[in-house]
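Only one structure is covered here, and it is reproduced in the block below.
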Amino acid sequence: MKNKVTKLLSAALLIGAVSSLTVACKSKKATPIEKQTGAIEITVPFSGKEYQTDKETFRARSSGNSPDMITAKKIGLQNAKSEMAGMIQTTMKKVTEQYTNQRQVGSTQEFNNKFEELAREVTNQTLVDVAVIGEKIFKETNNTYTYWVAIEANKKTILEGVEKAIGQNAKIAQDYDKKKFEEIFNSEMDKLAKERAGQ
């Protein structure tokens, strides 16, 4: 009988030790990286999917910091517009190059130059009418303000702007095939959306 009790106690102690070890191992694996390295994860405002460029819409986000809240807002909006301008102009440049390679254009260099100028005008006009889709303002510990903003511009607005500008330029209009241009533009928007989703 004594032997039986001793065996049962030994088994219970062994099970308890194994359980403690398992819990210790599990908690070690679950230790957050912050505790291991001292690093702190920072969440950037407007980083969700709904704030990323997609096939139909250019989107950009940025921030501005200043001791003055109004100035912080101006800087943030200007930074976001600069990012969007770069995206639109890069896309337009790629579209124009492909378009002139795929079609017989009178003077390729002249068409490219005139179209780049036209693209800049359309981009500038688009930036005047961008929609603000999110904004957040933070008061920092040093009494400055940080303003985060997310903006968007629809590709349809840009294509309409291109068409309107081309209608006012007879030299470009004679080499412009709306259907072909839009086809290439849509293809580049698809590529840009995939690229941005991967970031």
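None of the figures in this text is laboratory data; all of them are computed from the coordinates on show. Here the structure is a predicted model, which means the values were calculated and not measured. Ideal geometry is used to build each Cβ from the backbone, glycine not excepted, and the neighbour counts take in all protein chains shown.
One table, with the values for the structure above:
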{"read-out": "Karplus (6.51, -1.76, 1.60) ³J(HN,Hα), θ = phi - 60°, over region 134-150, in Hz, Gly and Pro reported as x", "value": "x, 8, 9, 10, 10, 9, 7, 5, 8, 6, 9, 10, 10, 10, 9, 9, 10"}
{"read-out": "Out-of-range pairs (alpha-carbon distance over 25 Å; input LYS94/LYS179; LYS81/LYS191; LYS171/LYS191; LYS93/LYS179; LYS94/LYS155)", "value": "LYS171/LYS191"}
{"read-out": "Integer Hz, Karplus 6.51/-1.76/1.60 couplings in order for region 66-83, x for Gly and Pro", "value": "6, x, 10, 4, 5, 5, 4, 5, 4, 5, x, 5, 4, 5, 5, 5, 5, 5"}
{"read-out": "Region 91-199, relative contact order in percent, only Cα pairs under 8 angstrom and at least six apart counted", "value": "31"}
{"read-out": "Partners for LYS180 among aspartates and glutamates (Cα-Cα distance below 18 Å; same-chain residues under 8 apart left out)", "value": "GLU56, GLU97, GLU116, GLU160, GLU163, GLU188, ASP190"}
{"read-out": "Summed side-chain charge close to GLY161 - residues other than GLY161 whose Cβ falls under 12 Å, Lys, Arg +1, Asp, Glu -1", "value": "0"}
{"read-out": "Inter-label distance, nm, simple model (7 Å from Cα along the C-beta direction), THR71/GLN102", "value": "4.8"}
